[in-house]
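The values are calculated or read from the model by the stated rules, or taken from the named source; none is laboratory data. Bear in mind the structure is a predicted one, so any value in this text is a computation, not a measurement. Positions of Cβ are generated from backbone atoms using ideal geometry, with glycine treated the same way; all protein chains shown enter the neighbour counts.
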Amino acid sequence: MFDKILDWLTLRPLRMKRLRKRFLKCLESEAAEEFLEMLLKFMSLAFLLDRDFRRNIEGFNGRYLFKSRDNSITVAVIFEDGRMKVHEKVLEDTNVTVVFRNGKALMGYLLSPKPDILGSLLRQDVTFNGNLNYVYKFAYMAKRLQLMATGEV
Amino acid sequence: MSKITLKDIRLSEYTLDNLGLLRRLRENLMKTRPEVCIERARHTTRYLRDLSSDGEPMETRYAKAVAYFLSKKEPLFFDDNLLAGTTTSKPFGAPVYQELTGMTIWPELDTISTREKNPLILSREDAEELNFDIFPYWMERNILEYTRKKYNNPGCMRLFERIVFFLASKAGTISHTVPCYRKVLERGIEGIIEEASTREDEVRKKGTDTPEDRHSLEFYQAVQTVMKGVLDYAANLSRKAAELAERESDPSRRENLLKMSEVCARVPAKPARTFREAVNSLWICQVAVHAENINMAISPGRLDQVLYRYYRNDMDNGMLTVREAIELIGCLWLKLNDNTNLVPETSEELFGGAGTVPAVTVGGVGEDGEDAVNDLTYIMLRVTELLKLRDPSVNARYHYEKNTEEYRDRVAEVIVNTKAVPAFHNDVVDIKVLENQGTSTEHARDYAVIGCVELASAGRSYDASSSIIFNLVSALELAMYNGKRPATGDEQIGPQTGDPAGFSTFEEFWEAFKAQLTWLIGEAIKLNEYFGRVHQEILPTPLLSAFFEGPLDKGRDLIRGGAVYNSSGATHIGFADTVDSLSAIEKAVFIDRRCTFAELLKALRDDFRGHEKLHAYLVYKTPKYGTDDPIAVKNSQNLIRFLYDFYQGHTNYRGGKYRPGYWTMTNHAGQGKLSGALPNGRKAHKVFASGITPASQAAGDLSACLKAVGGLESVCIPSGEALNLKYPSVKHNGDIKTFAQAVESYFRYGGLHVQFNIMSYETLIDAKKNPEKYPELLVRVSGYSAYFKDLNEAMKDEIITRTAYDLDTGRAVPFPEEYRSMLAFE
Amino acid sequence: MRAEGRPLIFNLHHFALDDGPGIRTTVFMKGCPLSCAWCHNPESVSPEPEIAFYGHLCIGCGSCMDVCPEGAVSMRPGRDRITRERCTACGTCSNECPSTALRTVGAYYQVDTLVERLLKERIFYDTSGGGVTFSGGEPAIFMDYVGTVMKRLKAEGIHVAIQTSGMFNLQEFGRKLLPYIDLIFFDLKLIDSDMHRKFTGRGNNLILENFRYLADNSPVPVVPRIPLIPGITATGENLSGLADFLRYSGFTSATLLPYNPGAISKAAALGKALHPTLPNRMIPAGEEEALTTFFRQRLSGHAKEAPLSEDIGAVEYLKQSKKHKEVFSDECLEHPCCSPHPGIGRGGLLIVPLHACNRSLRRDCSRNIS
Ligand code: SF4
Ligand code: SF4
C-alpha cells in the first residue's frame, strides 16, 4: 500500500511533465489530431495533482459527450464526486454534446488566443447540443490548463 | 409664446476652454479603461442562493434580491462630477448580468484583461469569485438554459444558436425601453411607495383571491421593497458624500460633496425642487434601473421636456445660470458614459463596438402638438456638440410644420460639427406611425427614441424593440436553395419550396421566398414567446415597472403587460441586399432572360468566378433600391408591406403586437460575413448594407435615394428605420442650409429617420490603417454612435464603403480606385 | 440649327445647387447652335444621340463587338471602342454592355413624362426655394418643347430658370419662353465678334443684341455669366470689354464661371477633342481671384486700365487692393443682402460692386457658422 502511494507520488509529477510537453507539442502541431485525447489526459492528471485546479470540479456534476463529425472519435467525460472520468463510449443523458469537425477545430474553439469565430461558424467547426454553460465551464478549464502548461499562471 | 430666452441659441460663448470641469472629466473618461464589475452578480447571487428559497414567489423574491444589492451597493465618488451615483463599482465598468448572457465570458475569465479587441480589466480575485462562487449557481438558471429545459431544447432554439438565421435578444436583454422619470421627479420614490401600498390595501380589501389578485398583491409588495432599495442607495450616497467632505481639504471639492450629500438626502426620495436635484434624482433612478435590467438601451427619453420645469423655475428665480445648467447637463452626459457592455470575444468579432445606447431625445412637439423646443433643447445640443461622446445617443425630433427653421439648421450644424450626432427624426411621420399602432394622439406626440431608432410613447409603452433580429438574406437563400443555406451545408433547414430552376415566373419565386419568411419568422416569434414567458416566470421587473405608467394602475408587472401600450419589435438585416437580389432575379432571369435560374445559382456558388460578364450585368444593370427604378420600388414596397402584415398578425405574451423595423446595429457586417454570394452581385462574405440604407454604391443620386427611402410606406415600419448617409464634407453656411433642406425634403417624402457621418472615404480608410491617429473618431453605426477604433474589421469596412454623396452635386463620390476591393461587389 | 424634331435630354441633374436658387433640377438639352472650343458639356453640342465609351469600366467581354450591326466596334486597347464614322448610334451595344462602359447619350422624354418626373422632385424645390433650370446645349432651340414644359411647371407654381447662350430668335423667345421664366442666366463669352466666331463658330451680334434687349425689357432678372477660359475669355482685353459692355448696359454685377478641365475627358468618351491649348487643370486660386477683382473694379468703373495676369502679375495687383477683397469674402456671398437679385444662388462667383454693399450691411450678414 505504502509502496503504491510512493509510486504515484513519484511517477505522477513525472508523467505530468511528460504530458505537459506532449500537450504543448500537440498545440503547436498542424493537425492537432490528438488534441482531445491529450487535453483530457492532461486535465485528469492536473485535477489529481493541482489542488487549486481541482477546486473547479468540487461539487460539480457534468456529463459531456465529445464527438467528431465523422464519428471516428466518441469520448464521454463525466465529472462527479470531485473526479473526472473519461470513457470511450456514447453517453446518454448528457448536459451537452459537442460535435467537432476535427481536433484542430476543437482546439481553435477552446484555446486559440484569437479564435477565428466567423470562419469557425462558417465551417460549422464545432456545434453544441445542450446546456452551453457546461461548454463555457469546460472551455474555462481548458484555457486555464493551457495557461498552466505554458507557465502563464 | 416662445420658450426661447437664450440670446444665442448656439451658445457659442461656452466652450470646453471655459468649462474646465467638463473638459477635465471628459479627458479622464477618454483615458479610463473599462473594467468588469461583479458587484451586482455577487449580491444578487448571494441573496437568491443563500438568503431566500426557491419556494418564494419570484416577484417579491427578485425584488428583494435587487433591493439587497442596492442597499449593499457601494456609494462611490470617483471624480469631480456634480452628480452622485455610479452605475458600477468601477469608474468605467461593465456589469455582469449572469442571469442573461453574463456567463458567456466564462471561458475568458483568465484572458479578458489582455485580449486584443476591447479588453476589459478583471482582477484575479474577481475572476475566481465568478468561476467558483457565482457562475456555478447559475448553470441551470440563466434565461437561455432555463428556457431550453422548460421547452425541451426546441427547434427554434437550435436555429437561433446557428446565429445565421435570426437572433433572439431576450436571451441577453429586454431593456430597450424609455422609463418615465418624470413620475419620480414629481412625486419622489416615497410617493411611488405610498401609491403601491395604497393599491395593495385596495386589493386586500376587495377580498377576492384570483390568481390575478395574488399577482397584484405580490407586485405591489415587490414595488415597495425594491423602491426601498433605491432609497437605501441614495441614503448611502448622501452619508458617504458627507463623510468624504469632512476629510476633503480642497474647498471646492468639499463644497461639491456637501452639495451632493444634501441633494441625495432629498432625492429621489422626495419630489425634486431644483434643477440640480432633478438631474441627480433622474441619474440615481437610471443607475437603479440597471440594478435590475441590463445596461442596453435604457433610454432616459425627452430630457429637454422632463427637466424643463425645474430649469425654468430656477432660472426665473435667479438660482441657476446657463453656465451651471450646461455643466449639470454635461455631467449627466458624462455619467451616462460610465458603463459599458460585457461582451465576449466571440461577439466582439460579430457585433462589437456598441455603447450601451441610452438614447436621449430632444425637440419636436409637445403633447399639445405645438413647438416644444426650449432653452434646454439648445443647451443639450451645445453639450452634445462640445463633448462629442459615444453616449448618450442624442436624437433630435423635427416637426417641419411646427418647429422653427432656426432649430432645424442648428441641429444640422451640430451634426456637421460633431460629424455624427445627433440623429434626425421626423415628428410628423413618427407620430402618425404610433397613432396607427393604437397610441393616442397626445401619447404619440410624447414619443421618445429607444436605443437606436425605435419609437415609444415615453414611459407608457413597453416595446422590447430588439426582441428579434432577423436576417432577411437567410430566408432569401432558403428560397434559392430549396430550404437549405450555403452557410449550413447540406442540411434541410426550411421547408422545401421547390428548386427555383423550375420556376417560370418571378411570382413563383416570390411565393417561395414568402413561404420561407413565414416559416422562419414563425420560429423566431415562437422562441421569443418562450423567452417572454420564462422572463415572466423567473425575471420579473418590479423596479422598472415602478418607473412606468400603467403597471401600478393595472397591478401588473411590465413583463406581464402592465404598461399602457405593449409590443415586441423585430428588426431586419440585409433589407437592401434582399430587395436588390429579388429585383436582380426578376430582371435577369424573367425579364431580360440574361441567364437561367440554374445559371444564376451556379454563378453564386462559384462566387462569380468565371462569370464576370453576368456579374457585371447584375451589378450595373439590374434595378437597385435607392433609385427610382419601378421594379426596385415595387419589390421594396412589397417586402415592407408583407413583413408588416405578417408581424402585425401576431400577438405577444404581453398582449401587444409584433412590430417590424429596419436598423441593424453592427449585425449587417457580421451576418454579411456569414453569407454566400447574392444575385445583386454582392460577393460571398462581404458585408450587407446597413439599416434601411441602399446598398453601397448602388444609389448614385442623393435625391433619388432620399425619395426611394422616404417613399416606403412608413406606417409599415413601426419599429423604426435607420438611414445612414455619408457626406465627405459640409463646408460653409450655405452647405449647412442645403444639408438641412435635404433632411427636411426627405422627411416630407415620408422618411422616419436619418443619421450622418460627415467623413470622406479617405479619412475613414486612414483611420482603419492608423487607429492611433484617430482615438476619438466618433461614427454613427446604424442607430447608435461608436468610436471607430472599437469596431470590428467588417464593420469598419461597411462604414468606409457606404456611399458618400457630394452635397454640391447630389451625386455619389466615386470610391477610391485603389481600395475598390473593399466594395461588396468586388 | 436643327429643326424641332425629338429634342433629346442628355442629363436630368437633380439636387443641382449651382444653377439658380435652392435645390433644383437642371434639364440639360442636347444640341447647341454654338460649338465652343472649351465646351463644358461636349455631349450637348450635337442634337443627335451619341455613344459614350468609358474605358475604365470595360471588362473586355467583347459583347459590344458581337452585337454591333455596323461593324463599328473594335477592341484595340487604349483606343476608342467605336469607329465613329461607321456608328449609327443605334444603341445595340450600349444596351448589351454589362458594365455600362458603353452608354447612349441623349434620351427623349414625352412632355408628360418629363413634367411628371420633375414634379416628383417638387418637395426639394419647395423646401429650399428651388425649381427647375433648363440648360444645355441651348434650350431655346427647342422652343415648342421647352416652352410647353415650362408652361406646365409654371402652372404648378414651380420656379423656372433658363441658361442660354443668347443665340435665339428674340420674338419667338419672348412669346414661347419668357412668360414662364423667372430667372435668366445669360452667357457672354467674348466681346470681339471675330474672336467669338473663331472660338464658338458664330459671331456675337445676335447674342449681344438679345442681351441688350432683355437687359432693358425683361420682367425677370437677367444674370450675365462669363466662363473663364484660360487664354481665350480670361484675358484682360476680353474681360475689360465685357465689363464695359455690361456697365454700359446698366449692370452692376455678373457671375464668373471658373474653368473646369473635366470637359476634356468627357469629350474623349465621345471620341472628340477640345481645343488643344486648353490646360488640364483649374486656374490657380490666386490668379482667378485677381481676375475677378479686376473684373469687378472694371465693372464698377474703378479700373480704367487692364492690368492683367500674364502681363503685369495679377497677384501683385491684388495685394495692392486689399480693401476691396474684404468686401468680397465668401460668406458675404451667401447672404441675400449682398445680392442685387436676392436668391440668385451660388452659381460661380457673384460679383458685388463696391457701392452695393456698405460696411453696415456687411456686419449684418457676418453670420458665419464656424
Ligand atoms: S451604337 Fe450601334 S452602330 Fe454604334 S457601335 Fe453601337 S451597335 Fe454599333
Ligand atoms: S460590352 Fe461593354 S464591357 Fe464588354 S467589351 Fe464592350 S464595352 Fe467592354
Quiz item: Can you name the strands (runs of 3 or more DSSP E) wholly within region A:54-153 that have at least 1 residues being among the basic types (K, R)?
Solution: A:62-68, A:83-87
Quiz item: Just to be sure, is C:P33 more than 16 Å from ligand 2 (Cβ to nearest atom), within 14 Å of chain B (Cβ to nearest Cβ) and buried (at least 18 other Cβ atoms within 10 Å of the Cβ)?
Solution: no
Quiz item: Given the conditions (1) under 23 Å from B:T809 (Cα atoms); (2) modelled with pLDDT of 95 or more; (3) more than 13 Å from ligand 1 (Cβ to nearest atom); (4) within 13 Å of another protein chain (Cβ to nearest Cβ), which single one is not true for C:T113?
Solution: (1)
Quiz prompt | Unmet criterion (only one of (1) within 13 Å of chain B (Cβ to nearest Cβ); (2) over 28 Å from B:L807 (Cβ atoms); (3) within 14 Å of ligand 1 (Cβ to nearest atom)) for C:R103 | solution = (2)
Quiz prompt | Residue that is farthest from the other protein chains (Cβ to nearest Cβ) [pool: residues in region B:307-356 that are without any contact (Cβ under 8 Å) to a residue 24 or more places away in the chain and either among the hydroxyl-bearing types (S, T, Y) or outside any helix (DSSP H, G or I) (or both)] | solution = B:N317
Quiz item: Do you know which of the residues in region C:8-23 that are at the interface with chain B (Cβ under 10 Å from one of its Cβ atoms) and surrounded by 22 or more Cβ atoms within 10 Å (Cβ to Cβ) is nearest to ligand 2 (Cβ to nearest atom)?
Solution: C:H14
Self-check item: Verdict on B:Y398 being in contact with a Lys or Arg (Cβ under 7 Å, 6 or more places away or on another chain) and touching a residue at least 12 places away in the same chain (Cβ under 8 Å)
Solution: yes
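If you take the residues in region C:59-83 that are under 30 Å from the mean Cα position of the chain (by Cα) and either surrounded by 15 or more Cβ atoms within 10 Å (Cβ to Cβ) or aromatic (F, W, Y) (or both), which one is nearest to ligand 2 (Cβ to nearest atom)?
Filtering region C:59-83 for residues that are under 30 Å from the mean Cα position of the chain (by Cα) and either surrounded by 15 or more Cβ atoms within 10 Å (Cβ to Cβ) or aromatic (F, W, Y) (or both), the one nearest to ligand 2 (Cβ to nearest atom) comes out as C:R81.
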Self-check item: Answer from B:R187, B:R254 - the residue that is in contact (Cβ under 8 Å) with a residue 40 or more places away in the chain and in a helix (DSSP H, G or I)
Solution: B:R187
Quiz item: Is it the case that region C:183-194 has a residue that's away from ligand 2 (no atom under 16 Å from the Cβ), in a helix (DSSP H, G or I), crowded, with 23+ Cβ neighbours inside 10 Å and not β-branched (V, I, T)?
Solution: no
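Here are some residues: B:Y784, B:Y774, B:Y805. Which one is more than 14 Å from every other protein chain (Cβ to nearest Cβ) and modelled with pLDDT of 90 or more? Break it down into steps so the answer makes sense when it comes.
Values: B:Y784 fails: modelled with pLDDT of 90 or more; B:Y805 fails: more than 14 Å from every other protein chain (Cβ to nearest Cβ).
The unique qualifying residue is B:Y774.
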Quiz item: Under the condition of being under 19 Å from B:I493 (Cα atoms) and assigned to a helix (DSSP H, G or I), which residue from region B:130-164 is modelled with the lowest pLDDT?
Solution: B:E161
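Does region C:70-80 contain at least one residue that is in contact with a strand residue (DSSP E or B) (Cβ under 7 Å, 6 or more places away or on another chain), in a loop (DSSP other than H, G, I, E, B) and within 27 Å of B:P814 (Cβ to Cβ)? First the steps, then the outcome.
Our first condition is that a residue be in contact with a strand residue (DSSP E or B) (Cβ under 7 Å, 6 or more places away or on another chain); within region C:70-80, this holds for C:72-73, C:80.
If we keep only those that are in a loop (DSSP other than H, G, I, E, B) as well, we get C:72, C:80.
Still in the list and also within 27 Å of B:P814 (Cβ to Cβ): C:80.
Within region C:70-80, one or more residues are in contact with a strand residue (DSSP E or B) (Cβ under 7 Å, 6 or more places away or on another chain), in a loop (DSSP other than H, G, I, E, B) and within 27 Å of B:P814 (Cβ to Cβ).
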Quiz item: Do any strands (runs of 3 or more DSSP E) lying entirely in region C:86-175 carry at least 1 residues that are more than 16 Å from ligand 2 (Cβ to nearest atom) and either surrounded by fewer than 22 Cβ atoms within 10 Å (Cβ to Cβ) or touching a residue at least 60 places away in the same chain (Cβ under 8 Å) (or both), and which ones are they?
Solution: C:131-135, C:159-164
Quiz item: Which residue, of B:F575, B:F597, B:F590, is touching a helix residue (DSSP H, G or I) at 6+ places or on another chain (Cβ under 9 Å), of a type in the set (A, V, I, L, M, F, W, C) and closer than 30 Å to B:N528 by Cα?
Solution: B:F575
Exercise. Exactly one condition in (1) free of Cβ contacts under 8 Å to residues at least 24 places away in the same chain; (2) within 30 Å of B:E161 (Cβ to Cβ); (3) surrounded by fewer than 19 Cβ atoms within 10 Å (Cβ to Cβ) is not met by B:D17; state its number.
Key: (2)
Quiz prompt | Which listed residue is more than 14 Å from chain A (Cβ to nearest Cβ), within 22 Å of the chain's Cα centre (by Cα) and not polar (S, T, N, Q), from B:I174, B:I163, B:I121 | solution = B:I174
Quiz item: What number of residues in region B:138-160 are more than 8 Å from every other protein chain (Cβ to nearest Cβ) and buried (at least 16 other Cβ atoms within 10 Å of the Cβ)?
Solution: 10
Quiz item: With (1) touching a residue at least 12 places away in the same chain (Cβ under 8 Å); (2) surrounded by fewer than 22 Cβ atoms within 10 Å (Cβ to Cβ) as the list, and B:E435 as the residue in question, which single condition is left unmet?
Solution: (1)
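Being in contact (Cβ under 8 Å) with a residue 60 or more places away in the chain, touching a Ser or Thr at 6+ places or on another chain (Cβ under 9 Å) and not β-branched (V, I, T) is true for just one of B:D409, B:D430. Which residue is that? Talk me through it step by step, then tell me what you get.
Numbers: B:D409 fails: touching a Ser or Thr at 6+ places or on another chain (Cβ under 9 Å).
After ruling out the rest, the residue left standing is B:D430.
Return the only residue of B:A677, B:A632 being touching a strand residue (DSSP E or B) at 6+ places or on another chain (Cβ under 6 Å), away from chain C (no Cβ under 14 Å) and farther than 30 Å from B:S461 by Cα. So that I can check it myself, show each step before the final result.
Working: B:A677 fails: touching a strand residue (DSSP E or B) at 6+ places or on another chain (Cβ under 6 Å).
Selected residue: B:A632, the only one of B:A677, B:A632 that is touching a strand residue (DSSP E or B) at 6+ places or on another chain (Cβ under 6 Å), away from chain C (no Cβ under 14 Å) and farther than 30 Å from B:S461 by Cα.
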Quiz item: With C:A101, C:A107, C:A52 as the choices, which residue is over 18 Å from the mean Cα position of the chain (by Cα) and within 19 Å of C:F142 (Cα to Cα)?
Solution: C:A107
Practice problem: Can you run down the residue pairs with Cβ atoms below 7 Å, 6 or more apart or on separate chains, where the first is in region B:702-717 and more than 9 Å from chain C (Cβ to nearest Cβ) and the partner is among the hydroxyl-bearing types (S, T, Y) and part of a helix (DSSP H, G or I)? | Solution: B:G711/B:Y749; B:L712/B:S636; B:C716/B:Y644
Self-check item: Subset of region C:250-269 (residues that are closer than 18 Å to C:V45 by Cβ and out of contact with any strand residue (DSSP E or B) (no Cβ under 8 Å at 6 or more places or on another chain))
Solution: C:N260, C:P261, C:G262, C:A263, C:I264, C:S265, C:K266, C:A267, C:A268
Exercise. Could you please tell me which pairs satisfy a Cβ distance under 7 Å, a separation of 6+ or placement on different chains, a first residue in region C:45-67 that is within 11 Å of another protein chain (Cβ to nearest Cβ), and a second residue that is assigned to a helix (DSSP H, G or I) and within 9 Å of ligand 1 (Cβ to nearest atom)?
Key: C:S63/C:E96
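Across region A:45-69, which residue is nearest to A:N129 (Cα to Cα) among those that are within 14 Å of chain B (Cβ to nearest Cβ) and surrounded by fewer than 16 Cβ atoms within 10 Å (Cβ to Cβ)? Steps first, answer last, please.
Restricting attention to region A:45-69, the residues satisfying the condition of being within 14 Å of chain B (Cβ to nearest Cβ) are A:51-64, A:69.
Then keep just the ones that are surrounded by fewer than 16 Cβ atoms within 10 Å (Cβ to Cβ); that gives A:51-52, A:54-55, A:58-59, A:61, A:69.
Numbers: A:R51: 31, A:D52: 30, A:R54: 26, A:R55: 26, A:E58: 25, A:G59: 23, A:N61: 18, A:R69: 13 Å.
Among those residues, the one meeting the criterion is A:R69.
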Quiz item: Of the numbered conditions (1) more than 21 Å from the chain's Cα centre (by Cα); (2) under 30 Å from C:N169 (Cα atoms); (3) within 16 Å of ligand 1 (Cβ to nearest atom), C:T88 satisfies every one except a single condition; which is it?
Solution: (2)
Quiz item: When region C:42-58 is examined, which residues are found to be within 8 Å of ligand 2 (Cβ to nearest atom) and in a helix (DSSP H, G or I)?
Solution: C:L57
